[in-house]
Every structure is written in C-alpha cells, then in structure tokens.
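Provided herewith is a single structure, encoded as structure tokens, for subsequent inquiry.
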Amino acid sequence: MKIFIDTANIEEIKEISSWGILQGVTTNPSLLAKEGVKIQDVITQICDLVDGPISAEVISMNSEDMVMEARQLAKMHKNVVIKIPMCEEGLKAVNCLSSEGIRTNVTLIFSVHQAMLAAAAGADFVSPFVGRLDDIGSDGIQIIKDMAEVFRIYEIKTQIIGASIRNLTHVLDCAKAGAHIATIPYKVIKQMVNHPLTDVGIDKFLQDYNKSK
Ligand code: G3P
C-alpha cells in the first residue's frame, strides 16, 4: 500500500518527504482553509517536493465549471490529479476529463455503489472516507474490503485511496483490506515511526556503547 499525506501544510510535506517514503499528496478545501492558502498558490511547491499524484479539488458544482477549473489546475504540473466530489455533475466531469487524459480522484465516497459509478465514469482514483463512516456508526474498513473485492473481480484499474484516516488501526486495516493507497494525516504518519520498545532499545544500545568506551 502506497503512503500519501493528507495535508496542505508545506512544512509537514517537506518533513515527511525528506524520509523518502512519500508517494503522493491529497488536499481538500478544508485543509487549504486551515492553512489559509489557495490551491493555485501551493500546488507548484507541493509538486516540487513530491514526485507522485498530487490531488487538488475543484469547488464548482456543475460539470462544465468543474471541467474548466480542472483544466487550469492540470496545466500547472503533470502530477496534478483533479479531485471531484461524488455527485451526478461530478461523474459527467470525470468522464469528460478522462477523455482528455486528465486524471481524477473522486472524493466523498461512502459506498461501493458510488465507487463503481466513479470507476465506470473513468476515475483513476476513488477516495472512500473511512473515519467519517466510522463516525456515523458504519464500518469504513468493510466498505474498502468490499470495494477491493469488486474491483478485483472485474479487473477495474481504478485505485482505492483510503481517506479520512484517523489512527494507526485505520492504516493497518486499510492495508489488510486491499486499499492501493492510504492518505494519512501528518500526526498519524509520525506515529507510524514510533514504538516504545524501539526507544528503549536505542537507549540501551547507546548506554552499552558508552559503558564499553
Ligand atoms: O482526504 C479526505 C480527508 O481529508 C477527510 O478527512 O478527517 O476530515 O474526515 P476527515
């Protein structure tokens, strides 16, 4: 499973990308608002830091405007992937962009049915929101399992991005469920590095080394 970071914070992207493990970035209007930036202002910086799919979301609600917005964003860098919300107009936009060779990531996916439609429209990626499904008492990981199974049976090439990841368990479960990618917040990627026994082990090695000097 590939690891993407879900953030619009340049410092976070810089730090995690310096580890050499980052294969893509996803942003959304809420993450951009949190940083007080516009996608057009940060997309080039993000593309300079990470060589992989970089998702930038449109904010228009009709397909013609979505397509126009998408074309402008896609022009900025070859790695830009257009995030389109799951809705009827979104499907039309995805279909049109796909015929132009512009890659799309259909977001706000909460069911396998939605993912099947997005894939049929030509989406390169779908983003099921694990955490938000769990929030309403549904099972986000089960949706990913079912989606992965259906995509496997029909050899659908659309890649599943486990999104709305809130903790380490979500990351592991996405990997076991067959998500191709998990887009993970900075805080959770940092947690993936650590284990208390690793810290204890490092201290012990250093103490023993110093004793033997
Ligand atoms: O990639 C979508 C994701 O950012 C949504 O996460 O935590 O707002 O549900 P969250």
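The values are calculated or read from the model by the stated rules, or taken from the named source; none is laboratory data. As the structure is a computational prediction, the values presented were derived from the model and not from experiment. Because the Cβ atoms are built from the backbone with ideal geometry, glycine has one as well, and the counts that use them run over all protein chains shown. Just so you know, the surface numbers come from the protein's heavy atoms only, side chains and all, with ligands and any DNA or RNA stripped out. Shrake-Rupley method; radii C 1.70, N 1.55, O 1.52, S 1.80 Å.
Could you say which residue among ILE202, ILE165, ILE184, ILE156 is open to solvent by 70 Å² or more (accessible area, probe 1.4 Å), on the phi < 0 side of the Ramachandran plot and at pLDDT 95 or above?
On inspection, the qualifying residue turns out to be ILE202.
I would also like to ask the following. Looking at (1) closer than 19 Å to ILE165 by Cβ; (2) in a helix (DSSP H, G or I), which is the only condition TRP19 fails?
So the condition that TRP19 fails would be (2).
If we keep just the residues of segment 16-69 that are in contact with a Phe, Trp or Tyr (Cβ under 8 Å, 6 or more places away or on another chain) and surrounded by fewer than 19 Cβ atoms within 10 Å (Cβ to Cβ), which is nearest to LYS187 (Cα to Cα)?
GLN23
Something else about it: Quick one: count up the residues across segment 187-199 that are open to solvent by 70 Å² or more (accessible area, probe 1.4 Å), in contact (Cβ under 8 Å) with a residue 12 or more places away in the chain and either in contact with a Pro (Cβ under 6 Å, 6 or more places away or on another chain) or of a type in the set (A, V, I, L, M) (or both).
Of the residues in that region, 1 qualify.
Can you confirm whether LEU91 is open to solvent by 10 Å² or more (accessible area, probe 1.4 Å), in a strand (DSSP E or B) and farther than 27 Å from GLY20 by Cα?
When the stated conditions are applied, LEU91 does not pass them.
Starting from residues that are closer than 11 Å to CYS174 by Cβ and out of contact with any strand residue (DSSP E or B) (no Cβ under 6 Å at 6 or more places or on another chain), keep the ones in segment 137-147 and report whichever is most open to solvent (accessible area, probe 1.4 Å).
LYS145
Out of segment 120-133, which residues are open to solvent by 50 Å² or more (accessible area, probe 1.4 Å) and closer than 13 Å to ALA177 by Cβ?
none
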